[in-house]
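Input: a single structure, listed below in C-alpha cells.
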Amino acid sequence: MFRLIRLAALIVSVAFVWSANAEPLSKPTGPVLLTISGQISNMNGDGSVAFDRAMLEQLDWRDVRTFTSFSDGEQQFAGPTLSSVLKAVGARGEIIVATAINDYSVQIPISHAEAHDVLLALDWNGRAMRIRDKGPIWIVYPLDEATAQTQKFDPEMIWQLNRLAIQ
C-alpha cells in the first residue's frame, strides 16, 4: 500500500512540474517555416508547434561566420540556435528526427544542440534563404575550415528543413 501511495505521489509531482513548465506559445501569423512534434511540452497546435519567421526571430538569434563542405570559403549564417528552439518547445527526448521538404530525414542527438552551438539558419550571407537556395532552414554546425573539410557533421547539416520530431 505504501508503495502505491509513493507511486501516486510521484505521478502527481511529475504532472505538476510538467504543467508548470508548459508555456503556451503564440500561433504563427505568417507562413509556417518549421513544425515540431513528438516529446514536447509547449504547443500551439494539435500536439505540435508551428513557427513562422517572426517567432523564430524572437529566440536566441545568432549571426555566425563559418565553413561548410557544401560551400566555398567562409560563409555567414543567421538564425536561432537549435538549443533555444528546443527549450521553447520543452523538448524532452534524446534524438531529433530532422526532415526536409522532400522527406529526406536524419537523426541528430539532442546533445549536439548545445555541445556544438548548432544553428537553424534562415539567412545566408545576409539574405533570407529561399527553397532553391537550401531554405527555408538549413541546420548549420559552426566549424573551422579544417573541420568542415573532414565532413564530420555533413549528414546532420540538412537543408530545406521544415520538420523536427523529438524522440
Among the residues of segment 129-162, what is the count of those that are surrounded by 18 or more Cβ atoms within 10 Å (Cβ to Cβ), charged (D, E, K, R) and more than 14 Å from residue 77 (Cβ to Cβ)? 1
For segment 51-79, how many residues are farther than 26 Å from residue 154 by Cα, surrounded by 16 or more Cβ atoms within 10 Å (Cβ to Cβ) and of a type in the set (Gly, Ala, Ser)? 0
If I go through segment 145-164 residue by residue, how many of them are of a type in the set (Lys, Arg) and touching a residue at least 12 places away in the same chain (Cβ under 8 Å)? 1
Taking segment 80-91 only, how many residues are open to solvent by less than 30 Å² (accessible area, probe 1.4 Å) and within 10 Å of the chain's Cα centre (by Cα)? 8
Being touching an Asp or Glu at 6+ places or on another chain (Cβ under 7 Å) and under 21 Å from residue 32 (Cβ atoms), is that true of even one residue in segment 119-130? yes
Please return the ranges of strands (runs of 3 or more DSSP E) entirely within segment 40-97 where 1 or more residues are polar (S, T, N, Q) and in contact with an Asp or Glu (Cβ under 8 Å, 6 or more places away or on another chain). 61-66, 75-80
If you go through segment 107-123 one residue at a time, how many are open to solvent by 60 Å² or more (accessible area, probe 1.4 Å) and not in a strand (DSSP E or B)? 5
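The values are calculated or read from the model by the stated rules, or taken from the named source; none is laboratory data. Bear in mind that the values here come from a model prediction, so they are computed numbers and not experimental data. Counting neighbours? That spans all protein chains shown, and the Cβs are built from the backbone with ideal geometry, glycine included. Calculation scope for accessible area: heavy atoms of the full protein, side chains included, ligands and nucleic acids excluded. Shrake-Rupley method; radii C 1.70, N 1.55, O 1.52, S 1.80 Å.
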